[in-house]
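The values are calculated or read from the model by the stated rules, or taken from the named source; none is laboratory data. The structure displayed is predicted, hence computed values, not measured ones. Here the Cβ is made from the backbone with ideal geometry for all residues, glycine too, and neighbour counts use every protein chain on show. Ligands, DNA and RNA are excluded from the accessible area calculation, which covers all protein heavy atoms including side chains. Shrake-Rupley method; radii C 1.70, N 1.55, O 1.52, S 1.80 Å.
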Protein chains: 2
Amino acid sequence: MNTLSYGLLSLLSHSPLSGYDLMLRIQPFWPAKHSQIYPLLSALEKENQVSFETVSQSDKPDKKVYSITSKGLASLREWLAEPASDPVMRDELMLKAYCVSAVDPVIARPLFQRRLEHYEAKLIRFEEKIASIQRDGGLSDGESPNYHSDRFGAYILLNKAMMSSRTNIEWCRWVLDLIPNTNENSGND
Amino acid sequence: MNTLSYGLLSLLSHSPLSGYDLMLRIQPFWPAKHSQIYPLLSALEKENQVSFETVSQSDKPDKKVYSITSKGLASLREWLAEPASDPVMRDELMLKAYCVSAVDPVIARPLFQRRLEHYEAKLIRFEEKIASIQRDGGLSDGESPNYHSDRFGAYILLNKAMMSSRTNIEWCRWVLDLIPNTNENSGND
DNA sequence: AACCTCATGTAACCAGTTACATGATTCG
DNA sequence: CGAATCATGTAACTGGTTACATGAGGTT
(Lines give C-alpha, C1' and ligand atoms only; values in the text may rest on other atoms or scores of the structure.)
Protein backbone atom coordinates (compact mmCIF):
# COMPACT_ATOMS: atom_id res chain seq x y z
CA MET A 1 0.00 0.00 0.00
CA ASN A 2 1.64 3.21 -1.20
CA THR A 3 0.49 6.80 -0.68
CA LEU A 4 -1.47 6.96 -3.93
CA SER A 5 -3.47 3.86 -2.91
CA TYR A 6 -4.47 5.61 0.31
CA GLY A 7 -5.31 8.69 -1.72
CA LEU A 8 -7.73 6.62 -3.80
CA LEU A 9 -9.31 5.23 -0.63
CA SER A 10 -9.58 8.80 0.67
CA LEU A 11 -11.56 9.90 -2.39
CA LEU A 12 -13.73 6.77 -2.25
CA SER A 13 -14.53 7.44 1.43
CA HIS A 14 -16.80 10.27 0.24
CA SER A 15 -18.55 8.55 -2.67
CA PRO A 16 -18.14 5.68 -5.16
CA LEU A 17 -16.21 6.68 -8.30
CA SER A 18 -14.89 5.13 -11.50
CA GLY A 19 -11.15 4.80 -12.13
CA TYR A 20 -11.44 7.55 -14.69
CA ASP A 21 -13.15 9.92 -12.24
CA LEU A 22 -10.59 9.08 -9.54
CA MET A 23 -7.82 9.94 -11.98
CA LEU A 24 -9.37 13.34 -12.75
CA ARG A 25 -10.19 14.22 -9.14
CA ILE A 26 -6.87 13.28 -7.55
CA GLN A 27 -4.86 15.55 -9.91
CA PRO A 28 -4.84 18.71 -7.73
CA PHE A 29 -3.55 16.82 -4.68
CA TRP A 30 -1.45 13.96 -6.05
CA PRO A 31 -0.89 14.06 -9.82
CA ALA A 32 -1.16 10.57 -11.38
CA LYS A 33 -1.92 9.12 -14.81
CA HIS A 34 -4.60 6.53 -15.50
CA SER A 35 -1.85 3.99 -16.22
CA GLN A 36 -0.78 4.20 -12.59
CA ILE A 37 -4.27 4.22 -11.09
CA TYR A 38 -5.94 1.27 -12.88
CA PRO A 39 -3.39 -1.34 -11.68
CA LEU A 40 -3.61 0.01 -8.11
CA LEU A 41 -7.40 -0.28 -8.16
CA SER A 42 -7.07 -3.92 -9.28
CA ALA A 43 -4.67 -4.55 -6.40
CA LEU A 44 -6.98 -2.83 -3.89
CA GLU A 45 -9.87 -4.92 -5.16
CA LYS A 46 -7.89 -8.16 -4.72
CA GLU A 47 -7.19 -7.15 -1.10
CA ASN A 48 -10.90 -6.37 -0.57
CA GLN A 49 -10.13 -2.74 0.27
CA VAL A 50 -12.53 -1.71 -2.49
CA SER A 51 -15.29 -3.39 -4.52
CA PHE A 52 -16.68 -2.48 -7.92
CA GLU A 53 -19.74 -2.89 -10.04
CA THR A 54 -19.93 -2.39 -13.79
CA VAL A 55 -22.33 0.38 -14.72
CA SER A 56 -23.72 0.64 -18.25
CA GLN A 57 -24.21 4.11 -19.64
CA SER A 58 -26.35 4.90 -22.67
CA ASP A 59 -24.42 7.98 -23.80
CA LYS A 60 -20.89 6.89 -22.76
CA PRO A 61 -18.91 3.62 -22.52
CA ASP A 62 -19.48 1.28 -19.58
CA LYS A 63 -17.52 2.03 -16.41
CA LYS A 64 -16.40 0.23 -13.28
CA VAL A 65 -17.62 2.11 -10.24
CA TYR A 66 -15.48 1.45 -7.17
CA SER A 67 -16.66 1.69 -3.56
CA ILE A 68 -14.63 1.52 -0.37
CA THR A 69 -15.26 -1.57 1.78
CA SER A 70 -15.31 -1.71 5.59
CA LYS A 71 -11.80 -3.17 5.41
CA GLY A 72 -10.72 -0.23 3.24
CA LEU A 73 -12.21 2.24 5.69
CA ALA A 74 -10.34 0.54 8.53
CA SER A 75 -7.04 0.86 6.60
CA LEU A 76 -7.84 4.51 5.97
CA ARG A 77 -8.38 5.18 9.69
CA GLU A 78 -5.10 3.47 10.62
CA TRP A 79 -3.28 5.54 7.99
CA LEU A 80 -4.86 8.76 9.28
CA ALA A 81 -3.52 8.06 12.77
CA GLU A 82 0.07 8.06 11.48
CA PRO A 83 1.92 11.37 11.00
CA ALA A 84 1.85 12.69 7.43
CA SER A 85 5.22 12.60 5.68
CA ASP A 86 6.77 15.91 4.61
CA PRO A 87 5.39 17.52 1.45
CA VAL A 88 7.44 17.23 -1.74
CA MET A 89 7.45 20.19 -4.10
CA ARG A 90 9.36 20.13 -7.38
CA ASP A 91 9.17 23.34 -9.39
CA GLU A 92 11.40 23.91 -12.40
CA LEU A 93 10.82 27.67 -12.04
CA MET A 94 12.63 27.62 -8.69
CA LEU A 95 15.73 26.12 -10.33
CA LYS A 96 15.52 28.71 -13.10
CA ALA A 97 14.95 31.54 -10.61
CA TYR A 98 18.22 30.72 -8.85
CA CYS A 99 20.32 31.40 -11.97
CA VAL A 100 18.00 33.89 -13.66
CA SER A 101 20.67 36.63 -13.61
CA ALA A 102 22.56 34.58 -16.23
CA VAL A 103 20.13 35.83 -18.88
CA ASP A 104 18.70 39.14 -20.05
CA PRO A 105 15.55 40.48 -18.34
CA VAL A 106 13.79 40.07 -21.69
CA ILE A 107 14.28 36.29 -21.32
CA ALA A 108 13.61 36.28 -17.57
CA ARG A 109 10.35 38.24 -17.37
CA PRO A 110 8.15 35.83 -19.41
CA LEU A 111 9.07 32.99 -17.03
CA PHE A 112 7.39 34.79 -14.14
CA GLN A 113 4.70 36.39 -16.30
CA ARG A 114 3.51 32.95 -17.48
CA ARG A 115 3.54 31.62 -13.95
CA LEU A 116 1.55 34.61 -12.75
CA GLU A 117 -1.15 33.91 -15.35
CA HIS A 118 -1.14 30.22 -14.41
CA TYR A 119 -1.90 31.02 -10.76
CA GLU A 120 -4.43 33.73 -11.63
CA ALA A 121 -6.42 31.18 -13.66
CA LYS A 122 -6.20 28.63 -10.85
CA LEU A 123 -7.30 31.16 -8.24
CA ILE A 124 -10.51 31.90 -10.13
CA ARG A 125 -11.39 28.18 -10.31
CA PHE A 126 -10.71 27.67 -6.58
CA GLU A 127 -12.80 30.68 -5.59
CA GLU A 128 -15.69 29.40 -7.69
CA LYS A 129 -15.50 25.94 -6.12
CA ILE A 130 -15.44 27.35 -2.58
CA ALA A 131 -18.48 29.48 -3.39
CA SER A 132 -20.29 26.40 -4.74
CA ILE A 133 -19.53 24.39 -1.57
CA GLN A 134 -20.86 27.25 0.54
CA ARG A 135 -24.02 27.45 -1.60
CA ASP A 136 -24.61 23.69 -1.35
CA GLY A 137 -24.22 23.80 2.42
CA GLY A 138 -26.45 26.82 2.84
CA LEU A 139 -23.54 28.78 4.32
CA SER A 140 -22.97 32.51 4.09
CA ASP A 141 -19.66 34.01 3.02
CA GLY A 142 -16.87 33.15 5.50
CA GLU A 143 -18.92 30.45 7.24
CA SER A 144 -17.32 26.98 7.25
CA PRO A 145 -18.88 23.52 7.03
CA ASN A 146 -18.94 21.54 10.28
CA TYR A 147 -16.04 19.15 10.96
CA HIS A 148 -18.44 16.20 10.70
CA SER A 149 -19.91 17.41 7.42
CA ASP A 150 -18.74 15.48 4.36
CA ARG A 151 -17.89 18.84 2.73
CA PHE A 152 -15.30 19.65 5.41
CA GLY A 153 -12.34 17.95 3.70
CA ALA A 154 -12.90 19.53 0.28
CA TYR A 155 -13.53 22.90 1.93
CA ILE A 156 -10.24 23.07 3.84
CA LEU A 157 -8.31 21.80 0.79
CA LEU A 158 -9.82 24.39 -1.51
CA ASN A 159 -9.02 27.12 0.98
CA LYS A 160 -5.39 25.97 1.10
CA ALA A 161 -5.24 25.99 -2.70
CA MET A 162 -6.78 29.47 -2.79
CA MET A 163 -4.40 30.86 -0.18
CA SER A 164 -1.38 29.33 -1.93
CA SER A 165 -2.46 30.73 -5.30
CA ARG A 166 -2.79 34.21 -3.84
CA THR A 167 0.67 33.98 -2.25
CA ASN A 168 2.19 32.79 -5.51
CA ILE A 169 0.50 35.61 -7.44
CA GLU A 170 1.86 38.11 -4.92
CA TRP A 171 5.36 36.62 -5.25
CA CYS A 172 5.32 36.63 -9.08
CA ARG A 173 4.26 40.29 -9.13
CA TRP A 174 6.94 41.17 -6.58
CA VAL A 175 9.61 39.41 -8.66
CA LEU A 176 8.42 41.10 -11.89
CA ASP A 177 8.81 44.47 -10.13
CA LEU A 178 12.42 43.57 -9.30
CA ILE A 179 13.36 42.53 -12.85
CA PRO A 180 14.29 45.55 -14.97
CA ASN A 181 11.65 46.18 -17.62
CA THR A 182 13.64 47.32 -20.64
CA ASN A 183 10.38 47.47 -22.64
CA GLU A 184 11.98 45.72 -25.62
CA ASN A 185 9.22 44.84 -28.13
CA SER A 186 6.69 46.73 -26.04
CA GLY A 187 3.09 47.14 -27.08
CA ASN A 188 2.81 43.84 -28.93
CA ASP A 189 -0.25 42.39 -27.15
CA MET B 1 19.59 16.19 -19.77
CA ASN B 2 16.75 16.05 -17.26
CA THR B 3 15.50 18.80 -14.92
CA LEU B 4 17.75 17.78 -12.04
CA SER B 5 20.81 18.06 -14.30
CA TYR B 6 19.85 21.64 -15.14
CA GLY B 7 19.30 22.26 -11.43
CA LEU B 8 22.88 21.19 -10.74
CA LEU B 9 24.14 23.51 -13.49
CA SER B 10 22.03 26.29 -11.96
CA LEU B 11 23.74 25.87 -8.58
CA LEU B 12 27.17 25.63 -10.21
CA SER B 13 26.53 28.87 -12.13
CA HIS B 14 27.05 30.73 -8.82
CA SER B 15 30.10 28.90 -7.50
CA PRO B 16 31.98 25.59 -7.76
CA LEU B 17 30.66 22.91 -5.39
CA SER B 18 31.25 19.25 -4.53
CA GLY B 19 28.63 16.61 -5.28
CA TYR B 20 27.95 16.38 -1.57
CA ASP B 21 27.38 20.15 -1.27
CA LEU B 22 25.17 20.13 -4.37
CA MET B 23 23.09 17.38 -2.81
CA LEU B 24 22.60 19.40 0.39
CA ARG B 25 21.86 22.70 -1.33
CA ILE B 26 19.38 21.46 -3.91
CA GLN B 27 17.12 19.87 -1.26
CA PRO B 28 14.80 22.88 -0.68
CA PHE B 29 14.07 23.28 -4.40
CA TRP B 30 14.36 19.80 -5.88
CA PRO B 31 14.77 17.00 -3.31
CA ALA B 32 17.31 14.39 -4.49
CA LYS B 33 19.56 11.79 -2.87
CA HIS B 34 23.31 11.55 -3.44
CA SER B 35 22.73 8.28 -5.34
CA GLN B 36 20.87 10.24 -8.00
CA ILE B 37 23.26 13.19 -8.14
CA TYR B 38 26.67 11.46 -8.44
CA PRO B 39 25.82 9.58 -11.67
CA LEU B 40 24.36 12.76 -13.21
CA LEU B 41 27.55 14.68 -12.40
CA SER B 42 29.59 11.96 -14.12
CA ALA B 43 27.35 12.26 -17.18
CA LEU B 44 27.60 16.07 -17.20
CA GLU B 45 31.36 15.79 -16.95
CA LYS B 46 31.50 13.39 -19.91
CA GLU B 47 29.49 15.92 -21.95
CA ASN B 48 31.88 18.72 -20.86
CA GLN B 49 29.02 20.65 -19.23
CA VAL B 50 31.04 20.63 -15.99
CA SER B 51 34.64 19.97 -14.99
CA PHE B 52 36.05 18.92 -11.63
CA GLU B 53 39.23 18.99 -9.64
CA THR B 54 40.00 16.80 -6.64
CA VAL B 55 40.56 18.86 -3.51
CA SER B 56 42.38 17.37 -0.51
CA GLN B 57 41.17 18.40 2.91
CA SER B 58 43.14 17.89 6.13
CA ASP B 59 40.18 17.51 8.49
CA LYS B 60 37.73 15.82 6.08
CA PRO B 61 37.92 13.29 3.20
CA ASP B 62 38.99 14.44 -0.26
CA LYS B 63 36.28 15.89 -2.48
CA LYS B 64 35.63 16.48 -6.16
CA VAL B 65 34.80 20.13 -6.71
CA TYR B 66 32.73 20.69 -9.86
CA SER B 67 32.65 23.89 -11.91
CA ILE B 68 30.36 24.81 -14.78
CA THR B 69 32.06 25.08 -18.20
CA SER B 70 31.24 27.60 -20.93
CA LYS B 71 29.32 24.81 -22.68
CA GLY B 72 27.36 24.20 -19.48
CA LEU B 73 26.56 27.89 -19.16
CA ALA B 74 25.33 27.92 -22.78
CA SER B 75 23.00 24.94 -22.04
CA LEU B 76 21.75 26.76 -18.95
CA ARG B 77 20.89 29.87 -20.98
CA GLU B 78 19.02 27.83 -23.61
CA TRP B 79 17.06 26.08 -20.85
CA LEU B 80 16.19 29.42 -19.20
CA ALA B 81 14.67 30.65 -22.46
CA GLU B 82 12.13 27.78 -22.46
CA PRO B 83 8.95 28.07 -20.38
CA ALA B 84 9.14 26.36 -17.00
CA SER B 85 6.95 23.26 -16.67
CA ASP B 86 4.14 23.30 -14.11
CA PRO B 87 5.11 22.76 -10.49
CA VAL B 88 4.42 19.34 -8.96
CA MET B 89 3.36 19.22 -5.33
CA ARG B 90 2.68 15.95 -3.53
CA ASP B 91 1.58 16.27 0.06
CA GLU B 92 0.26 13.29 2.00
CA LEU B 93 -1.45 15.69 4.42
CA MET B 94 -3.71 16.90 1.59
CA LEU B 95 -4.91 13.34 0.96
CA LYS B 96 -5.49 12.88 4.69
CA ALA B 97 -7.24 16.24 4.99
CA TYR B 98 -9.82 15.20 2.41
CA CYS B 99 -11.07 12.28 4.54
CA VAL B 100 -10.19 13.66 7.96
CA SER B 101 -13.83 13.56 9.10
CA ALA B 102 -13.52 9.74 9.09
CA VAL B 103 -11.62 9.93 12.39
CA ASP B 104 -12.05 11.58 15.79
CA PRO B 105 -10.72 15.16 16.24
CA VAL B 106 -8.26 13.70 18.76
CA ILE B 107 -6.63 11.82 15.86
CA ALA B 108 -7.05 14.68 13.38
CA ARG B 109 -5.62 17.61 15.36
CA PRO B 110 -2.02 16.29 15.73
CA LEU B 111 -1.75 15.97 11.93
CA PHE B 112 -2.17 19.72 11.51
CA GLN B 113 -0.40 20.58 14.77
CA ARG B 114 2.77 18.76 13.59
CA ARG B 115 2.61 20.45 10.21
CA LEU B 116 2.19 23.83 11.88
CA GLU B 117 5.38 23.25 13.91
CA HIS B 118 7.18 22.05 10.79
CA TYR B 119 6.42 25.31 8.96
CA GLU B 120 7.15 27.49 12.01
CA ALA B 121 10.63 25.99 12.22
CA LYS B 122 11.18 26.47 8.49
CA LEU B 123 9.99 30.09 8.63
CA ILE B 124 12.59 30.96 11.26
CA ARG B 125 15.40 29.51 9.13
CA PHE B 126 14.22 31.38 6.00
CA GLU B 127 13.94 34.69 7.83
CA GLU B 128 17.47 34.25 9.18
CA LYS B 129 18.86 33.50 5.72
CA ILE B 130 17.13 36.52 4.17
CA ALA B 131 18.55 38.72 6.92
CA SER B 132 22.03 37.32 6.27
CA ILE B 133 21.77 38.01 2.51
CA GLN B 134 20.70 41.57 3.27
CA ARG B 135 23.61 42.01 5.72
CA ASP B 136 26.13 40.64 3.18
CA GLY B 137 24.82 43.00 0.50
CA GLY B 138 24.80 46.02 2.79
CA LEU B 139 21.04 46.35 2.33
CA SER B 140 18.56 47.72 4.83
CA ASP B 141 15.36 45.88 5.75
CA GLY B 142 13.02 45.58 2.76
CA GLU B 143 15.70 46.54 0.23
CA SER B 144 16.39 43.93 -2.47
CA PRO B 145 19.61 42.95 -4.25
CA ASN B 146 19.95 44.19 -7.82
CA TYR B 147 18.84 41.86 -10.63
CA HIS B 148 22.44 41.57 -11.80
CA SER B 149 23.77 40.79 -8.32
CA ASP B 150 24.66 37.13 -7.77
CA ARG B 151 22.51 37.20 -4.61
CA PHE B 152 19.34 37.96 -6.59
CA GLY B 153 18.37 34.33 -7.29
CA ALA B 154 18.78 33.15 -3.70
CA TYR B 155 16.98 36.25 -2.44
CA ILE B 156 13.82 35.79 -4.49
CA LEU B 157 13.75 32.05 -3.70
CA LEU B 158 14.07 32.63 0.02
CA ASN B 159 11.29 35.18 -0.11
CA LYS B 160 9.04 32.69 -1.86
CA ALA B 161 9.85 30.07 0.78
CA MET B 162 9.15 32.60 3.54
CA MET B 163 5.83 33.68 2.05
CA SER B 164 4.74 30.07 1.50
CA SER B 165 5.67 29.12 5.06
CA ARG B 166 3.60 32.00 6.44
CA THR B 167 0.61 31.02 4.30
CA ASN B 168 0.89 27.40 5.42
CA ILE B 169 1.13 28.45 9.07
CA GLU B 170 -1.97 30.60 8.66
CA TRP B 171 -3.82 27.71 7.03
CA CYS B 172 -2.84 25.16 9.72
CA ARG B 173 -4.03 27.52 12.47
CA TRP B 174 -7.27 28.16 10.61
CA VAL B 175 -7.88 24.40 10.22
CA LEU B 176 -7.06 23.74 13.89
CA ASP B 177 -9.68 26.35 14.84
CA LEU B 178 -12.26 24.46 12.75
CA ILE B 179 -11.52 21.05 14.32
CA PRO B 180 -13.41 20.61 17.62
CA ASN B 181 -10.98 20.62 20.52
CA THR B 182 -12.40 18.03 22.93
CA ASN B 183 -9.43 18.65 25.25
CA GLU B 184 -8.90 14.93 25.77
CA ASN B 185 -5.55 14.46 27.57
CA SER B 186 -5.25 18.22 27.99
CA GLY B 187 -2.41 19.89 29.86
CA ASN B 188 0.25 17.34 28.89
CA ASP B 189 2.84 19.68 27.38
C1' DA C 1 34.75 1.02 20.62
C1' DA C 2 30.48 3.07 18.79
C1' DC C 3 28.65 6.80 16.43
C1' DC C 4 28.26 11.04 13.57
C1' DT C 5 29.50 13.96 9.62
C1' DC C 6 31.82 14.18 5.32
C1' DA C 7 32.55 12.05 0.96
C1' DT C 8 31.78 9.06 -3.15
C1' DG C 9 30.00 5.41 -5.57
C1' DT C 10 26.75 1.19 -7.29
C1' DA C 11 22.62 -2.04 -7.21
C1' DA C 12 17.97 -3.12 -6.61
C1' DC C 13 13.68 -1.60 -6.22
C1' DC C 14 9.50 1.34 -6.39
C1' DA C 15 6.97 5.34 -8.27
C1' DG C 16 5.59 7.89 -12.14
C1' DT C 17 5.49 9.07 -17.27
C1' DT C 18 5.11 8.06 -22.04
C1' DA C 19 3.68 5.17 -25.41
C1' DC C 20 0.90 1.44 -27.21
C1' DA C 21 -3.68 -0.57 -27.68
C1' DT C 22 -8.72 -0.85 -27.93
C1' DG C 23 -13.33 0.72 -28.33
C1' DA C 24 -17.84 3.36 -27.48
C1' DT C 25 -20.22 7.80 -28.19
C1' DT C 26 -20.84 12.55 -29.51
C1' DC C 27 -19.95 16.74 -32.10
C1' DG C 28 -18.68 19.37 -36.04
C1' DC D 1 -15.46 10.96 -41.43
C1' DG D 2 -12.15 12.88 -38.32
C1' DA D 3 -11.53 14.73 -33.76
C1' DA D 4 -12.70 14.95 -28.84
C1' DT D 5 -14.22 12.93 -24.56
C1' DC D 6 -15.05 8.85 -21.91
C1' DA D 7 -13.32 4.53 -20.45
C1' DT D 8 -10.01 0.74 -19.43
C1' DG D 9 -5.99 -1.63 -19.77
C1' DT D 10 -0.61 -3.07 -20.58
C1' DA D 11 4.47 -2.27 -21.83
C1' DA D 12 8.59 0.19 -21.80
C1' DC D 13 11.08 3.60 -19.92
C1' DT D 14 12.71 7.39 -16.79
C1' DG D 15 13.00 9.39 -12.29
C1' DG D 16 13.70 8.78 -7.47
C1' DT D 17 14.36 6.00 -3.05
C1' DT D 18 16.40 2.50 -0.30
C1' DA D 19 19.96 -0.37 0.52
C1' DC D 20 24.68 -1.90 -0.02
C1' DA D 21 29.56 -0.64 0.15
C1' DT D 22 33.75 1.82 1.56
C1' DG D 23 36.55 4.87 4.08
C1' DA D 24 38.58 9.16 6.50
C1' DG D 25 38.23 12.06 10.55
C1' DG D 26 36.22 13.71 14.81
C1' DT D 27 33.16 13.18 19.06
C1' DT D 28 31.29 10.58 23.23
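A few remarks follow.
- Descending Cα extents along the principal axes, the protein assembly as shown, whole Å: 60, 57, 43
- Helix-only CD estimate at 222 nm, as mean residue ellipticity for chain B, using -39500 (n - 2.57) per DSSP H run (n ≥ 4): -19000 deg cm²/dmol
- Summary value for chain A: 18 percent relative contact order, contacts being C-alpha pairs under 8 angstrom separated by 6+ residues.
- Ranked from largest to smallest solvent-accessible area, with a 1.4 Å probe on the protein heavy atoms, B:R166, A:R115 come out as B:R166, A:R115.
- Between B:K71 and A:R77, the simple label model (points 7 Å from Cα in the Cβ direction) yields a spacing of 6.2 nm.
- Distances in nm from B:Q36 to the matching label points in the other copies, shortest first (labels 7 Å along Cα to Cβ): 1.3
- Part-to-part distance (alpha-carbon centres) for region A:134-169 and region A:65-129, which is given in Å: 18 Å
- Taking 21 Å as the limit for the C-alpha separation, the pairs A:K160/B:K122; A:K63/B:K96; B:K63/B:K160; A:K96/A:K129 exceed it in the case of A:K63/B:K96; B:K63/B:K160; A:K96/A:K129.
- About the centre of its Cα atoms, the protein assembly as shown shows a dipole size close to 540 debye [charges on the beta carbon of Lys, Arg (+1) and Asp, Glu (-1) only; nearest 20 debye].
- Enclosed volume per residue, in Å³, of the convex hull spanned by Cα atoms of region A:1-81: 92 Å³
- Region B:3-81: relative contact order as a whole-number percent, Cα under 8 Å and 6+ apart: 36 percent
- Furthest towards positive pole of dipole, A:S149, A:N159, A:Q113, structure part region A:85-183, Cβ charges: A:Q113
- Rounded percent of accessible protein surface that carbon and sulfur make up, chain A, 1.4 Å probe: 48 percent
- Pairing chains B and A buries close to 7100 square angstrom of accessible surface in total, based on protein heavy atoms and a 1.4 angstrom probe.
- The charge dipole of chain B, taken about the Cα centre with unit charges on the Cβ atoms of Lys, Arg (+1) and Asp, Glu (-1), comes to about 300 debye, rounded to the nearest 20.
- For the protein assembly as shown, the solvent-accessible area of protein heavy atoms averages 52 Å² per residue (probe radius 1.4 Å; ligands and nucleic acids excluded).
- Sorting B:M1, B:M162 on solvent-accessible area from highest to lowest, probe radius 1.4 Å, gives B:M1, B:M162.
- Sparsely packed trypsin sites (Lys or Arg not before Pro) within region A:1-69, loop by DSSP, other Cβ within 10 Å at most 15: A:K33
- Across the identical copies, how the A:A81 labels are spaced - nm, sorted shortest first, 7 Å along Cα→Cβ: 5.8
- Between helix A:34-46 and chain A there is an angle of about 20 degrees, using the helix long axis and the longest principal axis of the Cα atoms.
- Where A:W171, B:W174 fall by accessible area, highest first, once all protein chains stay in place (1.4 Å): B:W174, A:W171
- Structural descriptor for region B:67-163: relative contact order 19 percent, calculated from alpha carbon pairs under 8 angstrom and at least 6 residues apart.
- Per-residue SASA entry for B:R109, accessible area with 1.4 Å probe, Å² rounded to 10: 50 Å²
- Cβ-placed point charges (K, R +1; D, E -1), dipole of region A:78-153 about Cα centre in debye, nearest 20: 400 debye
- Within region B:92-178, the proportion of C-alpha pairs whose separation exceeds 21 Å stands at 44%.
- Across chain B, Cα-Cα distances exceeding 24 Å account for 56% of all pairs.
- Inter-copy spacing of B:G142 label points, which lie 7 Å from Cα along Cα→Cβ, given in nm from shortest upward: 2.9
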